[in-house]
Amino acid sequence: MTTIARDVASQFAAVVGRDHVLAGDLATMLYARDGSIQDDGDCGLVVLPASTEEVAGCMRVAAAAGLDVVPRGSGTGLTGGAVPLAGSLVISLSRMNRITEVDVPNSCAWVEPGVLNLDISTAVAHLGLFYAPDPSSQQACSIGGNVGTNAGGPHCLAYGVTNQHVLGMEMVMADGEVVTLGGPAPDPPGYDLRGVVVGSEGMMGVVTRICVRLTPEPPAIRTMLLDFPTISDAAAVVEQVIAAGVIPASLEMMDRNMLRTIEPFVHADLPVDAAAALLVEVDGTPADVEAGTDAVQRVAAANNVGHVRVAKDEDERALLWKARKSAFGACARVKPNYFLHDCVVPRSRLVEVMQAIIEITDREDLICLNVFHAGDGNLHPIIAFDRRDADEVERVKRAGDAIIRKCVEVGGTLSGEHGIGLEKRDYMPLVFTEEDLEAQACMRRAFDPDERLNPHKVLPLGARCGEAMLGGREPPEGTWI
Amino acid sequence: MSSSWKVGIPAPSDDDLNKCVACGLCLPDCPTFRVTGLETASPRGRIAAMRAVSEGRVPVAGDFTVMTDECLACRACEAACPSGVPFGRMIEAARAQTEAVRTGPGKARRRVITGVIARPRVLRAAAWGIATAQLLRLDHLLPRGLRMATPRITFRDLRTPLPEAAGEGPMAMMLVGCVMDVAFRPVHQATARALVRAGYRVVVPNRGGCCGALAAHAGEIESARALARDRIAQFENADITVVDSAGCSAHMATYAELLADDPEWHARALQFETRVRDAVQIDAPSARLIEGRVAVHDACHHLHAQGIGPEVRRTLRQAGATPIDLGDGGRCCGAGGLYAALEPEMAATLGEQKARAIISTGAPVVAVANPGCAIQIRAHLEALGSDIEVRHPLEIVD
Amino acid sequence: MDLTPTTREELAEALAVASDDGRTVAVRGGGTESRRGRPCAADDSVCTLALNRVVDYSPADMIITVEGGALATDVAALIGAKGQRWASADVRPGATVGGILSAARTGKRRLRQGAVRDSLMEVVVATGDGRLVVGGGRTVKLVTGFDLPRLMVGSLGTLGVIVQATLKLWPDPMASSWFTAEGDTTDMLALANDVLAAYHRPAAVIVRPGAMDACIEGAPEDVVAPDGARVSVEPANPEGTGLVEMGVPPAALAAIVRRLDQAGEVFEAWMGTGICRVAVADAREVASVRALAVEFGGHAQILDGPDDLRADPFGPVPPGAEVMRRMRAAFDPAGILNPGLFAAEVTA
């Protein structure tokens, strides 16, 4: 295992304090992993800064020593985005966990990157506000990590993904310089660097403060669970509801395998005999909710719906959502390990892709459970397996590969919300040409010319941005670009 | 590479280890992670460390011991884990391992504490010593952590008798315990009266006897097993065994697993377990009507280990009181058995957080059903200048 | 040389040649943004109007892919027939889809519909040196590589020409109406506050000198006039020699409205969004409007105006300028596209 030189480690200690530099074997082993199944991680050293100044100090030390740097939030990412390779330095932002300012008049808040997603909503709930993007890991994932992956979640259908809820950020660049991009004032002049940093998977800078948009709680919410005898019926409802002009706050689908697995864990009286169930939530004014409910029930009735269950109070609503959000964990009761896929396809191809997934997993003799953000066409097939069975692991990999290819084939793309990270890096050529990837490499080098921030991620190893492209050319007299 | 676990001593099983998929959903519920932000102070990190030991990549010692020592064993992570990883038993097994190889002053300290606690007469003598020292204010010479971890013992507590046998009906034998015996006999008195009201014939052994929880949590498996056998032999003829300490009731419900290696005792333990009750689970009418707010602190061994919580609130409501949740998600107070004495800094951080949460409820009294918690919470409320009373729920409705 | 290529390859080739020769190129679609940024004289010009095909429209997926030179009004008619709209865009007559995106032109219903930059899912760009590069994907939600679509929105043609765009669409609301009230500006501000508080997610709440306009959308029962307001239409932009758009923290707009009103300015404040448009007569007025924006923590840029007004169209150099320069160097190595458009602050 690669280690980082002692004298460099003590330079970090001078910045963050000796207690916040971890160099031991066990510690670096632990920080070599995140929430993914990537096991080639190799962490050289861990530093845990507590402030922007300390982050900047660490970045300066890292720059001087030519170190690769991997920023890390809660380490709940699923594609290996926070996994260090070849002895990289890991900067953990978990100690930066304060909400520094809640600005109610401007409906925003400045938070540190280690603040957990759900903690933001909890902190502003008493003001009738919440933070909208709600990934299923929201009680554990950090807002900094959300920025890195442009995280989604069930409520993104109507409310939008992270990029629409991050107004600005303070970021430390690879050379230690601190810059503030965006903020509560909309549309600053120049290029939308703020927008480009969201979803950049830690490769453009280390975000140290984030200005998040706070959304008012809707006056009315109605949550429904509908079950169907076939997947096609459920998918048709998804399509037709949206075609009718109703965009529910969320529209989630679970298949039979998933319902049967979750029920014993959650005891929510789920329709375990149905082929698929839709969890639909409509919100807005009472009239919006009536109109939405009406449309959903009308469309459902025209598509062989079994039972329509409407949550009668907040407790039942919470129970239904708990069922949905427990999906991944409940799978572990089937087999000890699971591989959670993230594919996104045009909504109109949902049924076709779901059938294909069933075929693929059947062919490889694997157990597959499906839950997904049907409204966005974002599928999460979960393949349960036991990692101690080498053959099964091979079949899981083959199935994953086939699933990705199918999604791309129907006009989808590689990731809806988990990011590319390590896991899907080498699939990028499936959707982008060499030139496309070179352009992305240039976007990254514009922020980090030396390519030391989270290297080896997102872009396949061949994608390079030539030196010539980054100029040294001065812009014309009197202009800044 | 072969495993680094010591043979012949319980170790976290590979099956249990394999259940963890490193999703990280346990992190926000882990008090030590919340305080430090360190992956090495999180359940996921501890499990990864156990796996590293299991795969022979690191030894059972050094950093591994530091990590397991720092764990509160509060089991909040178990409730959060969607995969059902049984972290409680894994950390106990890991502790058995680290204990087996521990040397030096840390070892000696643990030996002394658990040795004293397991012996009722020695413990009582030590309690008299502590009470005297506290009266003479000599305890201020102790380091802060140790001082706050030591129960406030008064001579009146020490002279309080154990409850007399009383009542009619099925026989309920009460666990006298160790720390409960020397510092919390008034709670036993209240519990006995509650049992009589509930229609039991109360029988109380005439001296203390540790259930072995502290030994087990400290990794001293053989001591724990010996104490378990003693308690089973002592109580197995009762209709129910009533325990008014959350840590003890939770531990006694695991005697069968502890004695799994011995078929005869395992069978007796299985029988015995079915008749163990925590005192708050007894449906006893309250003795008096009280009004006002009562803050409720949920001991980890109630909330996370046994799912006990509604019972306390029900008992308080029946007495006319308004139970108030602390709003801290049931986070551990930092007492954790011997934790406050062995990991004073973390214990102090969590103890202060807990005390502040209690103060913020505005209630004049907080219901605490575990002696370790009561000691810790009392100490930290006092340190913040609060005069909120700390009482067992059954004392409150007594 | 003024070219109107009919294919993207032709356009890219033209740029490649110009790049090699070092000839500067002005990029235009419908010309609706030609009075933006520092006036720049270019050797050649390229017009996208012939790149106007609808490449793919999937009403079921609520996604449309069009070439960059397609007129936004044509697109609106096509999707309108299916009960859908490009909700966040400022669909002006004569404007191309590529132009609206390159200029980040969000419409007046921003409060509810969001910014136009959030509607671009996939983009095909002809770079300054003639490469055709794709970024994003044709789904409504994705994170696949770095966000080239977002980089392009608002880049005003300096990174490349948008030759194709995939837009996320929204269904037409069940009901929608504009309402207008008239009176003292102070009273109109108070009325605006009431509307913001009383309605759930109004599409627009605008304060002009002596008037308030609100656009309410949603269920028919919810689309009712605020007290004292009558049914009307979307207000037109403030008229003047030039038009400046302020961007400030939304909470600052009330104070800014009062100041502008006192100064007798002609303005249109989009309450709740932080946007305020002001008609200006000359560069001096631009400077004073900008100073007001800066005072409240924001910025101001010129949306339209004659050449002599536009010496300082964007104000002070924003943070991240070094990164922006590198982006430009990567996408337009020879610096031929709309040269000099992003002017730095001109010191007096």
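The values are calculated or read from the model by the stated rules, or taken from the named source; none is laboratory data. The structure displayed is predicted, hence computed values, not measured ones. Note: ideal-geometry Cβ built from the backbone for every residue, glycine included; neighbour counts use all protein chains shown. Accessible surface is based on the protein model in full, side chains and every heavy atom, while ligands, DNA and RNA are left aside. Shrake-Rupley method; radii C 1.70, N 1.55, O 1.52, S 1.80 Å.
When you look at B:P151, is it assigned to a loop (DSSP other than H, G, I, E, B), touching a strand residue (DSSP E or B) at 6+ places or on another chain (Cβ under 7 Å) and buried (at least 20 other Cβ atoms within 10 Å of the Cβ), yes or no? Full working, then the answer.
On the way: assigned to a loop (DSSP other than H, G, I, E, B): yes; touching a strand residue (DSSP E or B) at 6+ places or on another chain (Cβ under 7 Å): no; buried (at least 20 other Cβ atoms within 10 Å of the Cβ): yes.
Judged against the criteria, B:P151 is not a match.
Number of residues in the range C:196-242 that are farther than 15 Å from C:I275 by Cβ, crowded, with 16+ Cβ neighbours inside 10 Å and within 14 Å of chain A (Cβ to nearest Cβ) equals 9.
Mind checking which residues of the range C:181-202 are small (G, A, S) and free of Cβ contacts under 8 Å to residues at least 40 places away in the same chain?
Narrowing the range C:181-202 to residues small (G, A, S): C:181, C:183, C:190, C:192, C:197-198.
Matches in the range C:181-202: C:A190, C:A197, C:A198.
Is the range C:285-293 home to any residue that is assigned to a strand (DSSP E or B) and either within 20 Å of the chain's Cα centre (by Cα) or at pLDDT below 95 (or both)? There is no residue in the range C:285-293 that is assigned to a strand (DSSP E or B) and either within 20 Å of the chain's Cα centre (by Cα) or at pLDDT below 95 (or both).
Please pick out the residue among C:V323, C:V278, C:V289 that is touching a Phe, Trp or Tyr at 6+ places or on another chain (Cβ under 8 Å) and farther than 30 Å from A:M443 by Cα.
On the way: C:V323 fails: farther than 30 Å from A:M443 by Cα; C:V289 fails: touching a Phe, Trp or Tyr at 6+ places or on another chain (Cβ under 8 Å).
Sole residue among the options that is touching a Phe, Trp or Tyr at 6+ places or on another chain (Cβ under 8 Å) and farther than 30 Å from A:M443 by Cα: C:V278.
Filter the range B:67-117 down to the residues that are over 30 Å from A:C331 (Cα atoms) and not in a helix (DSSP H, G or I), then identify the one that is nearest to the other protein chains (Cβ to nearest Cβ). Per the criteria, the residue is B:R102. Every condition in (1) among the small types (G, A, S); (2) within 11 Å of chain A (Cβ to nearest Cβ); (3) more than 20 Å from A:A185 (Cβ to Cβ) holds for C:G99 except the one numbered (2).
Checked against the criterion of being more than 14 Å from chain B (Cβ to nearest Cβ), without any contact (Cβ under 8 Å) to a residue 60 or more places away in the chain and within 29 Å of the chain's Cα centre (by Cα), the candidates A:L278, A:L270 yield just one match: A:L270.
Name the residue that is farthest from the other protein chains (Cβ to nearest Cβ), counting only residues in the range C:243-256 that are assigned to a strand (DSSP E or B) and of a type outside the set (A, V, I, L, M). Within the range C:243-256, the match that is farthest from the other protein chains (Cβ to nearest Cβ) is C:E245. Looking only at residues in the range A:214-248 that are small (G, A, S) and surrounded by 24 or more Cβ atoms within 10 Å (Cβ to Cβ), the one that is nearest to the chain's Cα centre (by Cα) is A:A235.
Out of all the residues in the range A:142-165, is one or more free of Cβ contacts under 8 Å to residues at least 60 places away in the same chain and open to solvent by 20 Å² or more (accessible area, probe 1.4 Å)? Within the range A:142-165 (the criterion being free of Cβ contacts under 8 Å to residues at least 60 places away in the same chain and open to solvent by 20 Å² or more (accessible area, probe 1.4 Å)), the answer is yes, since at least one residue qualifies.
Counting only residues that are facing chain C (nearest Cβ under 7 Å) and either more than 21 Å from the chain's Cα centre (by Cα) or assigned to a helix (DSSP H, G or I) (or both), the range A:415-431 holds 2 of them.
Here A:V410 passes the criteria (1) farther than 23 Å from A:A332 by Cα; (2) buried (at least 20 other Cβ atoms within 10 Å of the Cβ); (3) more than 9 Å from every other protein chain (Cβ to nearest Cβ); (4) in contact (Cβ under 8 Å) with a residue 60 or more places away in the chain except the one numbered (2).
For the range A:174-213, taking the residues that are assigned to a helix (DSSP H, G or I) and open to solvent by less than 10 Å² (accessible area, probe 1.4 Å), the one that is farthest from the other protein chains (Cβ to nearest Cβ) is identified as A:V197. When the range B:326-360 is examined, which residues are found to be closer than 16 Å to B:S386 by Cβ and open to solvent by less than 10 Å² (accessible area, probe 1.4 Å)? The answer is B:C333, B:G351, B:K354, B:A355, B:I358.
Of the residues that sit in the range A:365-378 and are within 10 Å of A:E252 (Cα to Cα) and either more than 11 Å from chain C (Cβ to nearest Cβ) or in a strand (DSSP E or B) (or both), which one is modelled with the highest pLDDT? Only one residue tops the list, namely A:N378.
So that you can scan it fast, the table gives a plain yes or no per residue for (1) more than 23 Å from C:T6 (Cα to Cα); (2) within 7 Å of another protein chain (Cβ to nearest Cβ); (3) over 16 Å from the mean Cα position of the chain (by Cα):
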site: C:G136; (1), (2), (3): yes, no, yes
site: C:T139; (1), (2), (3): yes, yes, yes
site: C:T144; (1), (2), (3): yes, yes, yes
site: C:D147; (1), (2), (3): yes, yes, yes
site: C:L156; (1), (2), (3): no, no, no
site: C:L159; (1), (2), (3): no, no, yes
site: C:I162; (1), (2), (3): no, no, no
site: C:L167; (1), (2), (3): no, no, no
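Residue count for the range B:154-188 satisfying the condition of being more than 16 Å from B:C373 (Cβ to Cβ), open to solvent by less than 40 Å² (accessible area, probe 1.4 Å) and part of a helix (DSSP H, G or I): 6.
Taking the criterion of being in contact with an Asp or Glu (Cβ under 6 Å, 6 or more places away or on another chain), open to solvent by less than 30 Å² (accessible area, probe 1.4 Å) and part of a strand (DSSP E or B), the residues of the range C:164-186 that qualify are C:Q164, C:T166, C:W178, C:T180. For the range A:449-458, the count of residues that are facing another protein chain (nearest Cβ under 8 Å) and crowded, with 24+ Cβ neighbours inside 10 Å is nonzero.
If you filter the range A:93-115 down to residues that are open to solvent by less than 10 Å² (accessible area, probe 1.4 Å) and more than 13 Å from A:T208 (Cβ to Cβ), you find that the one that is nearest to the other protein chains (Cβ to nearest Cβ) is A:C108. If you take the residues in the range C:308-318 that are open to solvent by less than 10 Å² (accessible area, probe 1.4 Å) and part of a loop (DSSP other than H, G, I, E, B), which one is farthest from the other protein chains (Cβ to nearest Cβ)? The qualifying residue farthest from the other protein chains (Cβ to nearest Cβ) is C:R310.
Looking at this structure, is A:A82 within 12 Å of chain B (Cβ to nearest Cβ) and among the aliphatic types (A, V, I, L, M)?
Numbers: within 12 Å of chain B (Cβ to nearest Cβ): yes; among the aliphatic types (A, V, I, L, M): yes.
Taking the combined requirement at face value, the residue satisfies it.
For the range A:313-331, does any single residue satisfy the condition of being assigned to a loop (DSSP other than H, G, I, E, B), over 28 Å from the mean Cα position of the chain (by Cα), more than 14 Å from chain B (Cβ to nearest Cβ) and at positive phi? Spell out how you get there, then give the answer.
Taking the range A:313-331 as the starting set, the residues that turn out to be assigned to a loop (DSSP other than H, G, I, E, B) are A:313, A:326.
Keeping just the survivors that are over 28 Å from the mean Cα position of the chain (by Cα) gives A:313.
Right, trim to more than 14 Å from chain B (Cβ to nearest Cβ) and you get A:313.
From what is left, the residues that are at positive phi are none.
No: the range A:313-331 contains no residue that is assigned to a loop (DSSP other than H, G, I, E, B), over 28 Å from the mean Cα position of the chain (by Cα), more than 14 Å from chain B (Cβ to nearest Cβ) and at positive phi.
Selection of the range C:319-338 for residues being assigned to a loop (DSSP other than H, G, I, E, B) and either open to solvent by less than 20 Å² (accessible area, probe 1.4 Å) or more than 7 Å from every other protein chain (Cβ to nearest Cβ) (or both) yields C:G320, C:D332, C:A334, C:G335, C:I336, C:N338. Would you mind stating whether C:D129 is on the phi < 0 side of the Ramachandran plot and either in contact with a Pro (Cβ under 7 Å, 6 or more places away or on another chain) or without any contact (Cβ under 8 Å) to a residue 12 or more places away in the chain (or both)? Judged against the criteria, C:D129 is a match. Quick check: is even one residue across the range A:328-351 free of Cβ contacts under 8 Å to residues at least 12 places away in the same chain, open to solvent by 30 Å² or more (accessible area, probe 1.4 Å) and out of contact with any Ser or Thr (no Cβ under 9 Å at 6 or more places or on another chain)? No, the range A:328-351 contains no residue that is free of Cβ contacts under 8 Å to residues at least 12 places away in the same chain, open to solvent by 30 Å² or more (accessible area, probe 1.4 Å) and out of contact with any Ser or Thr (no Cβ under 9 Å at 6 or more places or on another chain).
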